[in-house]
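Only one structure is covered here, and it is reproduced in the block below.
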Amino acid sequence: MTAAGTGARSGAGADRRRFLRTVAAGLTMTAGVGLLTAADHGPARTPTRRPTSQPARRSRPLYLGTYTSKDGGGTGVGLATYDTATGRITATGVVAGVADPSYLALAPSGRTLYAVDEQERGGVTALALPPGGPPRVLGTRSTGGGGPCHLSVHPGGRWLLSANYLSGSVAVHPIDRATGALGERTDLVTHSSPPPGPGQDGPHAHQIVTTPDGRHVLAVDLGNDTVYTYRLDDAAGRLTQVSYAALRPGAGPRHLTFHPSGGFAYLANEVDNTVVVCGYDRKSGRLTPGAPQSTGTGPGTSYPAQLLVTRDGRFAYLANRGHNSLTRYAVEARGARLRLLDTVPVGGDFPRQIAFSPDGRWLFAANQKSGSVTVFSVDGRTGALKSAGEPFAAPVPVCVLPR
């Protein structure tokens, strides 16, 4: 999920392709759970002492994705907790045996965690999350493509969807409802039309998600400047394309997120450094992109990464790599319009991915190049962001997933 530059082989997108091609096909990892070392997460932190009469603040789990094959990277899926009152993160361990788990997703049940294996021969891995016990690897299945960088679970919990960046394809895997384990792939669709955009060497699928109404599956392709709409056969696990939305040439669409109303989606374009409000037609599944809008980062080099929208639908946030900031938008006209409010420093380098805590109180940013996760409190009234303290040291964090 690194950024692509404006040329065919420039910028961080080319870096991703060069990096993945150097990964040894026979990379071997040993499964298990161990404590994170100082090299993984920096110096240990001394817990704050509280009076014995004061109850301990509640903590919740948090998972970290990383590159295991990159210098300074992790050794698997990072395990941590965060304090629900302060946002402070504490490392608790790591699940080894998962190669380059650069993106993570939870099953609707919360009992299984899924990770992409972002390698040249891509895979998806399932990890069981037993109550009161350590996570364990259930197994890995091939995605049939190269460099998978995104995955999501269909709302019914029966299918796992993944996007192969290098090969420009999307895959479907069945999920065993009893165990959460993955079965053999049921479908693989390669994006072949329309042709690649300016400076691109082919399709590059970057995201695959189900629409809020559950009727359609959307696949965002950076290389083809296109968002594809599919229907998923819930019995057979196969995708049928029903429409597509073409962005302006060279936009480089990366990630989209929906407004809670379900009628609008906000799309981050990483190559031309813009955002776009798209109308969504529930009947046809078609997206209608609006005019490109500013990210507020100015004339310098910046690669938008991901948008988030608050649960009440009043504010949206964009992570900007290069500019290393978070843009805040006011959402207006019942979701049809974004109005830029401000940008704030993210407190790290190259914010690859951002996520809200389930209650929406905290915003977490995974800063790939600085090896840190920064935490912000979210003002429920104004949407303003405020740093929650010192960054949490992590090995090449590219995904943070609080629960």
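The values are calculated or read from the model by the stated rules, or taken from the named source; none is laboratory data. Just so it is clear, the structure is predicted and the values come from calculations on it, not from any experiment. A quick note on method: Cβ atoms are made from the backbone with ideal geometry, for glycine too, and the neighbour counts reach across all protein chains shown. Please note that ligands, DNA and RNA were not included when accessible areas were found on the heavy atoms of the full protein model with its side chains. Shrake-Rupley method; radii C 1.70, N 1.55, O 1.52, S 1.80 Å.
When you look at T382, is it of a type in the set (S, T, N, Q), out of contact with any Asp or Glu (no Cβ under 9 Å at 6 or more places or on another chain) and surrounded by fewer than 16 Cβ atoms within 10 Å (Cβ to Cβ), yes or no?
Working: of a type in the set (S, T, N, Q): yes; out of contact with any Asp or Glu (no Cβ under 9 Å at 6 or more places or on another chain): yes; surrounded by fewer than 16 Cβ atoms within 10 Å (Cβ to Cβ): yes.
Yes.
If you go through the range 149-188 one residue at a time, how many are over 17 Å from D234 (Cα atoms) and either open to solvent by 10 Å² or more (accessible area, probe 1.4 Å) or free of Cβ contacts under 8 Å to residues at least 40 places away in the same chain (or both)?
6
Among the residues of the range 297-308, what is the count of those that are open to solvent by 30 Å² or more (accessible area, probe 1.4 Å) and not aromatic (F, W, Y)? So that I can check it myself, show each step before the final result.
We begin by selecting, within the range 297-308, every residue open to solvent by 30 Å² or more (accessible area, probe 1.4 Å); these are 298-301, 303.
In the following step, the residues that additionally are not aromatic (F, W, Y) were identified as 298-301.
So the answer is 4.
Evaluate the following for G290: is it at positive phi and over 19 Å from the mean Cα position of the chain (by Cα)?
no
Can you name every residue in the range 324-337 that is under 20 Å from C399 (Cα atoms) and crowded, with 24+ Cβ neighbours inside 10 Å? Don't jump to the end; show me each part of the working.
First pass over the range 324-337, keeping only residues under 20 Å from C399 (Cα atoms): 324-327.
Scanning the range 324-337 gives L326, T327.
Testing V217 on (1) over 21 Å from Q306 (Cβ atoms); (2) surrounded by 20 or more Cβ atoms within 10 Å (Cβ to Cβ), one condition comes back false. Which one is that?
The number of the failed condition is (1).
Filter the range 286-296 for residues that are surrounded by fewer than 17 Cβ atoms within 10 Å (Cβ to Cβ) and either without any contact (Cβ under 8 Å) to a residue 12 or more places away in the chain or in a loop (DSSP other than H, G, I, E, B) (or both) and give the result.
Answer for the range 286-296, where residues must be surrounded by fewer than 17 Cβ atoms within 10 Å (Cβ to Cβ) and either without any contact (Cβ under 8 Å) to a residue 12 or more places away in the chain or in a loop (DSSP other than H, G, I, E, B) (or both): just S294.
Between a residue in the range 324-341 that is under 14 Å from P260 (Cβ atoms) and any residue that is part of a helix (DSSP H, G or I), which pairs come within a Cβ distance under 6 Å, given they are 6 or more apart or on different chains?
none
Of everything in the range 338-354 that's farther than 13 Å from Y317 by Cβ and within 23 Å of the chain's Cα centre (by Cα), which residue is surrounded by the most Cβ atoms within 10 Å (Cβ to Cβ)? So that I can check it myself, show each step before the final result.
Here is the first cut: in the range 338-354, the residues farther than 13 Å from Y317 by Cβ are 339, 345, 347-350, 352.
Filter once more, so that each one left must be within 23 Å of the chain's Cα centre (by Cα): 345, 347-350, 352.
Working: P345: 12, G347: 22, G348: 21, D349: 14, F350: 22, R352: 27.
Per the stated criteria, the residue is R352.
If you scan the range 100-116, which residues turn out to be of a type in the set (D, E, K, R) and surrounded by fewer than 24 Cβ atoms within 10 Å (Cβ to Cβ)?
Selection gives R111 alone.
Confirm whether T190 is touching a strand residue (DSSP E or B) at 6+ places or on another chain (Cβ under 7 Å) and over 20 Å from Y317 (Cβ atoms). Lay out the reasoning, then the answer.
Working: touching a strand residue (DSSP E or B) at 6+ places or on another chain (Cβ under 7 Å): yes; over 20 Å from Y317 (Cβ atoms): yes.
Yes: the conditions hold for T190.
One residue is enough: does the range 129-139 have a residue meeting the conditions touching a Lys or Arg at 6+ places or on another chain (Cβ under 8 Å), over 16 Å from S59 (Cα atoms), among the basic types (K, R) and open to solvent by 20 Å² or more (accessible area, probe 1.4 Å)?
No, the conditions are met nowhere in the range 129-139.
Identify all residues within the range 361-393 that are over 17 Å from the mean Cα position of the chain (by Cα) and outside any strand (DSSP E or B); write none if there are none. Before the answer, list the steps.
At the first step, the residues of the range 361-393 found to be over 17 Å from the mean Cα position of the chain (by Cα) are 361, 370, 376-393.
Those that are over 17 Å from the mean Cα position of the chain (by Cα) and outside any strand (DSSP E or B): R361, S370, D379, G380, R381, T382, G383, A384, A388, G389, E390, P391.
Hey, R254 hits all of (1) farther than 30 Å from V331 by Cβ; (2) crowded, with 22+ Cβ neighbours inside 10 Å; (3) of a type in the set (D, E, K, R) but one; which does it fall short on?
That leaves (1) as the condition not met.
Would you say L318 is farther than 26 Å from E390 by Cα and open to solvent by less than 40 Å² (accessible area, probe 1.4 Å)?
Numbers: farther than 26 Å from E390 by Cα: no; open to solvent by less than 40 Å² (accessible area, probe 1.4 Å): yes.
No.
Given the range 121-171, what strands (runs of 3 or more DSSP E) lie entirely inside it while holding 1 or more residues that are touching a Phe, Trp or Tyr at 6+ places or on another chain (Cβ under 8 Å), closer than 16 Å to V95 by Cβ and among the small types (G, A, S)?
123-128
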